[in-house]
1. Please compute the contact order of the stretch A:466-563 in relative form: average sequence separation of alpha-carbon pairs under 8 Å and at least six residues apart, divided by the residue count, as a percent.
2. Can you tally the net charge around A:Val256? Count Lys and Arg as +1, Asp and Glu as -1, for every other residue whose Cβ sits under 13 Å from the Cβ of A:Val256.
3. Compute the Cα gyration tensor for the stretch A:84-232, then decide on rounded, prolate or oblate, letting a ≥ b ≥ c be the square roots of its eigenvalues: rounded whenever a/c is under 1.5, prolate when a/b is larger than b/c in the other cases, and oblate in all that remain.
4. Quick check: net charge around A:Ser169, other residues with Cβ under 13 Å of its Cβ, Lys/Arg +1 and Asp/Glu -1?
5. Can you give the FRET efficiency to the nearest 0.05 for A:Glu211 and A:Ser94, using r as the Cβ-Cβ distance and R₀ = 41 Å?
6. Step through the table entries A:Lys192/A:Lys429; A:Lys168/A:Lys284; A:Lys168/A:Lys559; A:Lys96/A:Lys192, compare each Cα-Cα distance with 32 Å, and write down the pairs that go over it.
7. Provide the net charge surrounding A:Asn87, with neighbours chosen by a C-beta distance below 13 Å and charges set as Lys +1, Arg +1, Asp -1, Glu -1.
8. Is the C-alpha gyration tensor of the stretch A:468-564 telling us rounded, prolate or oblate? Criteria: a/c under 1.5 is rounded; beyond that, a/b larger than b/c is prolate, otherwise oblate.
Amino acid sequence: MRLSKAFIPTQKEMPADATIPSHQLMLRAGLMRQLTAGVYAYLPLGYRAMLKAMQILREEMNAIGGQEFFLPALNPEALWIQTGRRNVPNFILSIKERDLVLAPTHEEVIAWIGGMHIQSYKDLPQIWYQIQTKFRNEPRPRSGVLRGRQFIMKDSYSLDRSFEDLDKSYEDHAEAYRKIFARCGLKFFEVKASSGAMGGSGSQEFMVESESGEDTVALCEKCHYAANMEIASSNVSPIGRLHDGERVEEIHTPNVRTIDQLAAFLKVDQSRLAKSLVYRHDGKPLLILMVGNDRLNESKLVAALGGGELEPIEAGQLEALTGADGGSIGPVGLKGFRIIADKRLEGANNLISGANRNDYHLANIDLQRDVAVDGYFDLRTIEDGEPCPQCGSRIKISHAIELGHIFKLGTKYAEALNVSYLDENGEKKPVVMGSYGIGVERIIACHIEQSRDEHGIIWDKALAPYAVHIVAVSMNNKDIVLISNQLYNKFSDEGVEVLFDDRPNVSPGFKFKDADLLGMPFQIIVGEKGLKNHQVEVKRRKTGDRRLVPVGDVVKDVKKMLHE
RNA sequence: CGGAACGUGGCGCAGCCCGGUAGCGCACUUGCUUGGGGUGCAAGGGGUCGCGGGUUCAAAUCCCGCCGUUCCGACCA
């Protein structure tokens, strides 16, 4: 492509609305433009990079036996009502004029097709995938293309006879994902993840570490332990039992509201304090006991409760329900509440907690003796530096971008939409499903986050819109024009994707800046200096290395480096 | 959905407090110039100041409402 004819609107100035590096560079390099919040138009250069990523996805999905579908973005609303996902908050965008919704993912449609045609164990297994636009009712799009209302996803779905077979499909996908991200030149890691509203038995995420990421992950500095904060655990010690036998006693604690105040007032360690948190779970009062200032992890809580609706109890209702306001609530003698506790408190005694009477606390609480605890669960949010649950080394907490997520769905959708088969014994069984997604825009944005400098993007050859960028230093010099045209034609003939900056009356400096901003892996600089010796300069964008190469060897040399 | 900020030629911004001729840089057009890191000079074109209402002799500027965008939080398959 000749730059003089190309639509690649680069900008020198920083776009005001872009705050993260990938977003800024995608705009400045002319990859895309924002149409409205969370919705982007991809310009030719950006679309080329996305097509590269999609081709890699396609190849690796085909390699594990995937078959590509093209599925409708418009879905009947009834289909989503059937699986109960129509009313998942912030999920579905709908069409005003019809009872249609814009598909945010395609489990439902896949299950509908499966239900129609899967009849026998002989029809299984299947891996069905698509690379298409999905829509989501994001309350707050942000970080450029990382969280949009419209985005392209590679989604695949496995249909199996059994959970054992699902394990294989799942592993095949995990392996394919590792290949995909490695081919894209991404530095990534895998974490155990929560399956959230998707349901299902197991899931892991493929992540890229990044300050700009909205996910928080826990990574062990020594071993391979890695988990999303939603489920990460650490090896903090339980509180355990001290000496036995002391009776519960009430202590006056005027104006003490927080754990910090209580510890200071009583001059005791926070680990002997049991903090009470009150929620409504499916409308019913629930009290949760945590150690001291341990933070409750709501994802873990929802998982421990087996799902359901969770909401904090309004301050106005506290006294009516417990006899006290927040700050003086505790588990002893509390009526009408289900009580659960964090695992660190299992069997603990000599605890101090609220007395359910304002300005009073109770000491010497023994959870075994004084409280009907309805289960101990890991409910706490781990902290940076805590010991790894696997090896005891330090856990580091950092931010990451979720690139891909794989789920063992099980039979949830098969049952809701009646997808079943007859096994060898003529017995009817639900199909066991898995679902596996990768965000295409996120591949591009993550790559740019990881591979850039102050001058611009540094494309990996796998995703680069063009492999080579020829810079004709001046179009007023006949030799430069001649040689750069020859090289352009030769690269094109040899199947190398090449961009040629043949713009007349654009200064060399301007062309160099644009070439660095656009970031193709190799720049071929054709100028008077080199041509004196019948040479051109080959610059490797990644390292900045420049070499003078005889004109006749350039195409061969660069092709060789592209295949390294 | 709570909190905050912003909205002025294509882009980045000033002007707004203190009402009175709409401005700067980049980009664009034309000519000359320059030609290895965003050349220089000159002459141009382009804006109902987000939208609607109000106050006023007069509103980009003050007041009210709405819309949009961004950030923090909540939420997040």
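The values are calculated or read from the model by the stated rules, or taken from the named source; none is laboratory data. As the structure is a prediction and not an experimental result, all values here were calculated from the model. In this analysis, Cβ positions are derived from the backbone assuming ideal geometry, glycine residues included, and neighbour counts consider all displayed protein chains. When the accessible area is computed, the model is the full protein with side chains, heavy atoms only, and any ligands, DNA or RNA have been set aside. Shrake-Rupley method; radii C 1.70, N 1.55, O 1.52, S 1.80 Å.
1. Details: 157 pairs, mean separation 29.4, N = 98.
This gives 30 percent for the stretch A:466-563.
2. Working: positive: A:Arg257, A:Lys267, A:Lys275, A:Arg357; negative: A:Asp260, A:Asp325, A:Asp359.
Cβ neighbours under 13 Å give a net charge of +1.
3. On the way: a/c = 1.87, a/b = 1.13, b/c = 1.66.
Oblate, since a/c reaches 1.5 and b/c is not below a/b.
4. Details: positive: A:Arg161, A:Lys168, A:Lys408; negative: A:Asp160, A:Glu164, A:Asp165, A:Asp167, A:Glu171, A:Asp172, A:Glu175.
Counting the neighbours of A:Ser169, the net charge comes to -4.
5. Values: r = 35 Å, r/R0 = 0.86.
Result of the calculation: an efficiency of 0.70.
6. Numbers: A:Lys192/A:Lys429 29 Å; A:Lys168/A:Lys284 41 Å; A:Lys168/A:Lys559 39 Å; A:Lys96/A:Lys192 39 Å.
Exceeds cut-off: A:Lys168/A:Lys284; A:Lys168/A:Lys559; A:Lys96/A:Lys192.
7. Numbers: positive: A:Arg85, A:Arg86; negative: A:Glu77, A:Glu309.
Charge balance in the 13 Å sphere: 0.
8. It is rounded, given that a/c, with a ≥ b ≥ c, falls under 1.5.
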